[in-house]
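Remarks on the structure that follows.
The values are calculated or read from the model by the stated rules, or taken from the named source; none is laboratory data. The structure presented is a predicted model; accordingly, all values stated were derived computationally and were not measured. Every residue, glycine as well, gets a Cβ built from its backbone with ideal geometry; the counts of neighbours run over all protein chains shown.
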Amino acid sequence: MQPYFTARFGNPGSLHSFGQAAILALDRSREVAARAVGAGFREVVFTGSATEANNMALRGALGAFQNERPECLRPRIVVSAIEHESILETAADLARAGAEVVCVPVDGEGVVDLGKLAAALHEQTAVVSVMYANNEIGTVQPLLKVRRAVEEARRGRKYPLLHTDAAQAFQFLDCAADRLGVDMMTLSAHKIYGPKGVGALYIRNHTPFLPATTGGGQEFGWRSGTENVPLIAGFAKAVELALRVRVRECKRQSGLKKYFWERLRKICPFVKQNGPPPRIYKVGGGSPPEGLACVPSILSVSFMGYDAATLLQEFDLRGLAAGAGSACRARQAQPSHVLRALGAPDERVRGAIRFSFGRPTSRREIDSALAIIKMALKDASHKT
């Protein structure tokens, strides 16, 4: 990233040598991202975040549908009940503008109800959005089955389009767009150790879509505005590094997560796990495991009888960072819509904390975290 902040600080839209250096970096980055998801060069659009990419997906698909079907007064958007806020809030905004939004329920582990999803699809459905892996409980959705339901609803037509938010999935799962059968897919740089403030949206060729912003026609006309070359270059490098360690880290972090959970239950017998149970997956053949139920980087648990905010303060004072749910809403102190969708009772929602594991996480850090949790629970009990 560093050269594009200083010595090569050119506008990729300019024709002089500085601009040529910038567009070369942009093109190379796009090639890396496109290869990573099995896409064509022009099928990857860089954005300012995964949130922007999710907005683009819903708004662009719905806008194209309305242009083609002006007689349809209430086009339908179908989403799962545990989508990221950038999907749910965008859908709610489009509902205020006249669209019909259907939120498909999930089971107790966060897996979308395929029967109800299929029943929600009809000829007036513009777009379906089901995330690949959930950001709070880590549940991996059966996207291939979702795709089949969408294809059956199409019956030879273009709609409904299928979008998936794969921000949490890319570092562990195969995100080949053709294999998944998606029309649009969202990616995020900072979820794979790249810079914050840059994302990408895969848009399959010939997918009906309206531009997110108009202007100079950058990003093939889908998203006008000067590209952030340093961050895009960092994104591409993060993609390359993630692909190198994807299989190894999936197995290693699965083991750490299982180790943490087994010992956490011994020191906290009242703790409940949210989402699919931790397990170690057999990884071989140079590819991630099939049937991965939950990404290994996320473990959501509920400390029954405790308030999550109080525990998080106790953890933080001792050097342990965790969260109560999505970081996007952490400062709003709102109960998790994901746990609500799972049917969790109030006590379970109040005590829910999300622990995250990553490439730097070691067994020693897990042991330190467990010791901190044990002390924090003791002190929190005295305070209450």
**Report entry** Residue in the range 165-181 that is in contact with a helix residue (DSSP H, G or I) (Cβ under 9 Å, 6 or more places away or on another chain), in the same structural domain as ALA92 (by TED's automatic domain parsing), aliphatic (A, V, I, L, M) and in a helix (DSSP H, G or I) present
**Finding:** yes
Report task. Taking only the range 96-115 into account, find how many residues are exposed (fewer than 15 other Cβ atoms within 10 Å of the Cβ) and either over 14 Å from GLN141 (Cβ atoms) or hydroxyl-bearing (Ser, Thr, Tyr) (or both). Result -> 5
Report summary line: Checked pairs for the range 334-345, first without any contact (Cβ under 8 Å) to a residue 12 or more places away in the chain, second part of a helix (DSSP H, G or I), C-beta under 7 Å and 6 or more apart or across chains, list as ARG340/VAL349
**Report entry** Failed item in (1) touching a residue at least 60 places away in the same chain (Cβ under 8 Å); (2) under 29 Å from ARG340 (Cβ atoms), with VAL102 passing the rest
**Finding:** (1)
Requested in this report: Please tell me if ARG223 is of a type in the set (D, E, K, R) and either surrounded by fewer than 23 Cβ atoms within 10 Å (Cβ to Cβ) or free of Cβ contacts under 8 Å to residues at least 40 places away in the same chain (or both).
Outcome: no
Report task. Working only within the range 331-349, note down all residues that are at pLDDT below 85 and surrounded by 14 or more Cβ atoms within 10 Å (Cβ to Cβ). Result -> PRO335
Query raised in the report: Here is a list of conditions, (1) at pLDDT 95 or above; (2) under 23 Å from PRO276 (Cβ atoms), and ALA324 meets all of them except one; can you say which number that is?
Result: (1)
Query - Residue check, PRO269 touching a helix residue (DSSP H, G or I) at 6+ places or on another chain (Cβ under 6 Å), over 20 Å from GLY358 (Cβ atoms) and either crowded, with 21+ Cβ neighbours inside 10 Å or not β-branched (Val, Ile, Thr) (or both) - result: no
Report task. Please list, ordered by first then second residue, the pairs with beta carbon atoms under 9 Å, 6 or more apart or interchain, first in the range 122-140 and outside the structural domain of ARG69 (by TED's automatic domain parsing) and under 23 Å from TRP261 (Cβ atoms), second among the aliphatic types (A, V, I, L, M) and surrounded by fewer than 24 Cβ atoms within 10 Å (Cβ to Cβ). Result -> none
Report task. Check the range 271-283 and report whether any residue there is more than 25 Å from ASP107 (Cα to Cα), at pLDDT below 95 and outside any loop (DSSP other than H, G, I, E, B). Result -> no
Query raised in the report: If only one of ASN134, ASN55 is of a type in the set (S, T, N, Q) and crowded, with 22+ Cβ neighbours inside 10 Å, which one is it?
Result: ASN134
Report summary line: How many residues of the range 196-227 are touching a Pro at 6+ places or on another chain (Cβ under 8 Å) and small (Gly, Ala, Ser)? The answer is 2
Report summary line: Within the range 145-166, restricting to residues that are of a type in the set (Gly, Ala, Ser) and out of contact with any Phe, Trp or Tyr (no Cβ under 8 Å at 6 or more places or on another chain), the one that is farthest from ALA50 (Cα to Cα) is GLY156
